[in-house]
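The values are calculated or read from the model by the stated rules, or taken from the named source; none is laboratory data. In this text, all values refer to a predicted model and were calculated from it rather than measured experimentally. Neighbour counts are summed over all protein chains in view; Cβ atoms, including those assigned to glycine, are modelled from backbone coordinates with ideal geometry.
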Amino acid sequence: MTLVLPSALLLLMVAIEAFILRLIQGKEVPWNQIVFNLNSGHTILWVFRGLEVAVFHAVYERFSLGWVAEWSHVAQFALALLFWDFCFYWLHRMHHKLGVLWAVHVVHHEGDHFSLSLGIRNSWYSSMTSIPFFIVLAVVGIPTEVFVAVGAMHYFVQFYNHNALVNKSGFLEHIMITPSHHRVHHGKNEPYLDRNFGGTLVFWDKLFGTFQKELDDIPVEFGTDDHVATDNIFWANNLPWLKLLGIRLPELKPVTRRLRGGWMWTAGLLSFAILLMYIHAEVAWPLADRNLLLGYGALSALTIGGLSEGRAWGLWGWSLIHLTALGFWFTRVPWQDPVIAVFLGLAILHAASTWHSASWAKAD
């Protein structure tokens, strides 16, 4: 339950921002992209994030030099806050400079709608490529629980810095990475390209000469120039690797229709709800059922990509995975929860509605 509430809060913040942008400010909201961002790999990423923490803990247990073992918890936490941010700066900068790391990070930058949901959009493999940069904290002797807590704080700041509602942040512009600073980082045009790599503190960018403020007379252009447009998270996460390895890229069929905004947004909510169920079940459920739920979440995220692009396999897959999960509800005890029953009812109703032509619109 500890992680369910923060995850649900992130989802709520994304929804509130999207509706403010659409209903109050009258701006266009690309629902398919927001849903992609929410489902860009969260289930699989969750597994790799756990592996990152496991590796950190193993190094801490076996190779820690214990330099800060006698420090107070407050002092350890303060050091970890600063050291984590320093490591993140170089992690982030190298992910822009080295091709093998850019193949991971580019998934995040391909989103051209700057909003809170973009802060959730990440590669399946981002936690794996973070390990070499953060492992030094374990060697110094930062306890695993401090590493996890500090990381969560920094990642929440970074999530906030993707919001589309805040322009400038007053005196904080001189101390922290703000939404304005991070908009600069996502710019693909000069003078913004490859600037502002910091995660929380702006100090590192100013120290190492990579800081650029947002200019009123030069709008930020978001996205990447070589983006292969797809809502399929499998291709989004793996096409950059094929390109890096010089493997011929598959020819993706053009999108001729898209699921309408309300249906698309609801599909995203349903898929994200499976993640919340998995987080909640991770402690209490038997391993076999946790793995089934993990597979359910992964397949839902994959099929949403096909559903968003109007692919026949996405339409069939979206229906079949929920019907299969209903079978688990009837046959496996941990699944026989009233909340899951309600969820499956809603999911199956949604899947049934996607077969109706009113759910679809012609693609732009």
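What the table shows:
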read-out	value
Every pair of residues 6+ apart whose Cβ atoms lie under 9 Å, when the first sits in region 14-25 and is not assigned by TED's automatic domain parsing to the domain that holds Asn37 while the second is modelled with pLDDT of 95 or more and among the small types (Gly, Ala, Ser)	none
In region 249-278, residue surrounded by the fewest Cβ atoms within 10 Å (Cβ to Cβ) [restricted to those that are over 17 Å from Ser40 (Cβ atoms) and among the β-branched types (Val, Ile, Thr)]	Thr256
Candidates Ala267, Ala229, Ala273, filtered to the one that is among the small types (Gly, Ala, Ser) and not assigned by TED's automatic domain parsing to the domain that holds Ser300	Ala229
Number of the exception - Ile175 against (1) among the hydrophobic types (A, V, I, L, M, F, W, C); (2) buried (at least 21 other Cβ atoms within 10 Å of the Cβ); (3) over 26 Å from Ser7 (Cβ atoms)	(2)
Neighbours by Cβ (under 7 Å, 6+ apart or cross-chain): first from region 197-217, farther than 20 Å from Trp102 by Cβ and modelled with pLDDT of 95 or more; second among the polar types (S, T, N, Q) and surrounded by 18 or more Cβ atoms within 10 Å (Cβ to Cβ)	Phe211/Asn196; Glu214/Ser180
Subset of region 99-134 (residues that are β-branched (Val, Ile, Thr) and either under 20 Å from Val220 (Cα atoms) or surrounded by 17 or more Cβ atoms within 10 Å (Cβ to Cβ) (or both))	Val104, Val106, Val107, Ile120, Thr129, Ile131
Residue list for region 188-216, filter: assigned to a loop (DSSP other than H, G, I, E, B), aliphatic (A, V, I, L, M) and surrounded by 13 or more Cβ atoms within 10 Å (Cβ to Cβ)	Leu193, Val202
Qualifying positions in region 321-352 - exposed (fewer than 13 other Cβ atoms within 10 Å of the Cβ), of a type in the set (S, T, N, Q) and in a helix (DSSP H, G or I)	Thr331
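To keep it simple, each residue is scored yes or no on (1) more than 14 Å from Arg257 (Cβ to Cβ); (2) in contact with a strand residue (DSSP E or B) (Cβ under 7 Å, 6 or more places away or on another chain); (3) charged (D, E, K, R); (4) not assigned by TED's automatic domain parsing to the domain that holds Phe36.
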position: Pro286; (1), (2), (3), (4): yes, no, no, yes
position: Gly295; (1), (2), (3), (4): yes, no, no, yes
position: Ser300; (1), (2), (3), (4): yes, no, no, yes
position: Gly306; (1), (2), (3), (4): no, no, no, yes
position: Gly310; (1), (2), (3), (4): no, yes, no, yes
position: Trp316; (1), (2), (3), (4): yes, no, no, yes
position: Ile321; (1), (2), (3), (4): yes, no, no, yes
position: Thr331; (1), (2), (3), (4): yes, no, no, yes
position: Ile340; (1), (2), (3), (4): yes, no, no, yes
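The rows are residues; the columns are (1) part of a helix (DSSP H, G or I); (2) over 19 Å from the mean Cα position of the chain (by Cα); (3) farther than 22 Å from Trp31 by Cα.
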{"site": "Phe114", "(1), (2), (3)": "no, no, no"}
{"site": "Ala138", "(1), (2), (3)": "yes, yes, yes"}
{"site": "Tyr155", "(1), (2), (3)": "yes, no, yes"}
{"site": "Gln158", "(1), (2), (3)": "yes, no, no"}
{"site": "His162", "(1), (2), (3)": "no, no, no"}
{"site": "Leu165", "(1), (2), (3)": "no, yes, no"}
